[in-house]
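> Sharing a structure with you now.
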Amino acid sequence: MNRGNSTFTRSEPLSGDDTITIFFEETACEVPAGVTVAAALLGHDDHHFCRSAADQEKRAPHCLMGVCFECLVEIDGVKNRQACLEPVREGMQVKRQHEPVDESK
Amino acid sequence: MKNRYDAIIIGAGPAGLACSTELADKGLEVAVLDEQAAPGGQIYRNISKTSARQRAILGPDYTAGLELIRAFTEATVDYLPQTRVWQAEAAGEVFFSHDNRSGRFQAPFLALNTGAMERPVPFPGWTLPGVMTCGGMSNLYKDSTLVPREPVVLAGSGPLLWLVAEHLLALEAPIAAILDTTPLKQMLTAMPELPAALRRAGYLFKGVKMIAAVQLAARKAKVPMYRQVSGLRAEGDGRVERVKASCRGRELSFEASTLLVHEGIIPNTALLRQVGCRHSWNPVQRYWHPQVDASGKTSLGSVYVAGDGTFVHGAKAAELKGRLTGLTIARELRRLTEPDYRRQAAEVQAELQEELLPRPYIDALYAPRKDLFTISDETTVCRCEGVTAGRIRELVEQGYTDHNEIKSIIRCGMGPCQGRMCGSAVMELVAEGSGRSPEETRQMRLRPPIKPVSLQELANATLGEPDES
């Protein structure tokens, strides 16, 4: 897995059996099984999850506990998923969320 | 699917776990709804899956949760993880989203154990990727063992700042600096609360010892530490590259790719405001909290709140408050006789009182400092809608003192987080500009759904009359 874009690193090694494959922006990524989508992406590309609805600024997780809504991604075609609350699943398709968020209103 | 219960418990942190275990022990049918994939709340997050090394790093205050989880796992409850509650009603209804489907449960009693969140404080650059909260860093480590591998700055005030510093030092993360923003004079203002706190000297000593040990470890690792820091800001092109601040007239600048901030902990009242229970203002910690009696009963009677959602007292107190709420609901449902209730509740209450002794001192020592919300006009306050402090000040000058009005005029608080991140700051800007205490102003309302639910999901939902089962 390319960790070139991440400023985070695992502090414990991961055995090969404990990984699954998800797709981030259509690129396959080996990620640890059982972690949240936010943790999986932060270990891969930590600085861009979505753009703010109002001014399209790049945003990334801030609170990692479901409050700030700065980690919104599209998961398997469903928008407005909070990456910090969603566990990874084999084959999951994750995309950055760029369009303004309207569905929640 | 079953949808009628004796009680619905929202949240599987220490309060929710203790409350639901207590109710299940009394033979009551309870549903437990929680956002996370596993029980534990934020404090005991991922506790059933963390490694031996993670548990060693996180220490006994973390592993203390194992017993609570064990009891919960053995109890007979309908536990729905990964479930977002988007509406609760005083009549005993709870609407939620699980696996992209919405549903409705009903019960005569609700316990909304929503816990706490870190106080969001706007500063220049706080929206940049790479700015996270200390609690967020802790959650990330608990979930995945991730730590920063490039320079990280920790800044703020409160025990959690030092706790996260302790963990990162033990993990040999490259800490560029620790910036403590606590004003020295708060040591003095907190003094009158010290005698009560000293009645539990062991607890205070533990905290003092922890902070001293972190400072020693930081010195050994040659991590610079600064006290009485102000004027924090993050700079960078599309992400954090530098952190700047002032320390008693001296300008500081650090190259860093992560900034971890922490300015205290406040109750997470989003669901509590939506359900409509009455709140009070605390002038020391400067936050709104629901009005509850000793059992956690709110102004709505059948709606209870336990844990840090009522007032931030920490994990052990949250567990005790949850237990007390469980016992009280069991009595209301006549599964506990009055004498049994009195005896069992008195035991828990005595333990809780002991636990709370040091809190007034800690609350005063780590109170939000006077200039915490001295926000420059250009700083973004509402992250979702990109509303600056200057625009909010203009409206306050025109006489608007109600966040609800400010929201409808400039969309401040109208984005996906629904004011969770800007609420504290807007309240302080209104207080600053109008001279009115937040007590005299209205709290921001939350309209359901308080969590994003797609129109498709709402259209597909069967939210009609609950089935008898």
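> Since B:ARG84 meets every condition but one in (1) within 14 Å of chain A (Cβ to nearest Cβ); (2) assigned to a loop (DSSP other than H, G, I, E, B); (3) over 23 Å from B:TYR141 (Cβ atoms), which condition does it not meet?
That leaves (2) as the condition not met.
Rundown of residues vs (1) aliphatic (A, V, I, L, M); (2) out of contact with any helix residue (DSSP H, G or I) (no Cβ under 7 Å at 6 or more places or on another chain); (3) modelled with pLDDT under 95; (4) open to solvent by 10 Å² or more (accessible area, probe 1.4 Å), yes/no style:
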position: B:ALA367; (1), (2), (3), (4): yes, no, no, yes
position: B:ASP371; (1), (2), (3), (4): no, yes, yes, yes
position: B:ASP377; (1), (2), (3), (4): no, no, no, yes
position: B:CYS382; (1), (2), (3), (4): no, yes, no, no
position: B:ALA389; (1), (2), (3), (4): yes, no, no, no
position: B:TYR400; (1), (2), (3), (4): no, no, no, yes
position: B:SER408; (1), (2), (3), (4): no, yes, no, yes
position: B:GLY415; (1), (2), (3), (4): no, yes, yes, no
position: B:LEU429; (1), (2), (3), (4): yes, no, no, no
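> Which ones in segment B:325-347 are assigned to a helix (DSSP H, G or I) and either surrounded by 24 or more Cβ atoms within 10 Å (Cβ to Cβ) or in contact (Cβ under 8 Å) with a residue 60 or more places away in the chain (or both)?
Once the filter is applied, which keeps residues that are assigned to a helix (DSSP H, G or I) and either surrounded by 24 or more Cβ atoms within 10 Å (Cβ to Cβ) or in contact (Cβ under 8 Å) with a residue 60 or more places away in the chain (or both), segment B:325-347 yields B:THR325, B:GLY326, B:LEU327, B:THR328, B:ILE329, B:ALA330, B:GLU332.
> Is it the case, given these coordinates, that B:PHE123 is without any contact (Cβ under 8 Å) to a residue 24 or more places away in the chain and more than 9 Å from chain A (Cβ to nearest Cβ)? Walk me through how you get there before you give the answer.
On the way: without any contact (Cβ under 8 Å) to a residue 24 or more places away in the chain: no; more than 9 Å from chain A (Cβ to nearest Cβ): yes.
Against the criterion (without any contact (Cβ under 8 Å) to a residue 24 or more places away in the chain and more than 9 Å from chain A (Cβ to nearest Cβ)), B:PHE123 does not qualify.
> Is it true that B:LEU68 is open to solvent by less than 20 Å² (accessible area, probe 1.4 Å), in a strand (DSSP E or B) and modelled with pLDDT of 95 or more?
no
> Considering only segment B:246-258, I want to know if a residue exists there that is touching a residue at least 60 places away in the same chain (Cβ under 8 Å) and closer than 22 Å to B:ALA318 by Cα.
Scanning segment B:246-258, I find no residue that is touching a residue at least 60 places away in the same chain (Cβ under 8 Å) and closer than 22 Å to B:ALA318 by Cα, so the answer is no.
> Hey, can you tell me all the residues within segment B:269-324 that are assigned to a loop (DSSP other than H, G, I, E, B), within 25 Å of B:ARG445 (Cβ to Cβ) and within 16 Å of the chain's Cα centre (by Cα)?
Correct list: B:THR269, B:GLN285, B:ARG286, B:VAL305, B:ALA306, B:THR310, B:PHE311, B:VAL312.
> Also, quick follow-up: Identify, from the list A:ASP102, A:ASP55, the residue that is modelled with pLDDT under 85 and either under 20 Å from B:GLY130 (Cβ atoms) or surrounded by 21 or more Cβ atoms within 10 Å (Cβ to Cβ) (or both).
The match here is A:ASP55.
> Of all residues in segment B:134-156, which are open to solvent by 10 Å² or more (accessible area, probe 1.4 Å), more than 8 Å from every other protein chain (Cβ to nearest Cβ) and not in a helix (DSSP H, G or I)?
B:PRO151
> Further, regarding this structure: So which residues in segment B:190-202 are in a helix (DSSP H, G or I), open to solvent by less than 70 Å² (accessible area, probe 1.4 Å) and in contact (Cβ under 8 Å) with a residue 12 or more places away in the chain, if there are any at all?
Correct list: B:LEU194, B:ALA196, B:ALA197.
> Can you pull out every residue in segment B:1-27 that is of a type in the set (A, V, I, L, M), over 24 Å from A:MET65 (Cα atoms), open to solvent by 10 Å² or more (accessible area, probe 1.4 Å) and not in a helix (DSSP H, G or I)?
B:MET1
The values are calculated or read from the model by the stated rules, or taken from the named source; none is laboratory data. Every value quoted in this text rests on a predicted model; they were computed, and no experiment measured them. Neighbour counts run over all protein chains shown; Cβ positions are idealised from the backbone, glycine included. When the accessible area is computed, the model is the full protein with side chains, heavy atoms only, and any ligands, DNA or RNA have been set aside. Shrake-Rupley method; radii C 1.70, N 1.55, O 1.52, S 1.80 Å.
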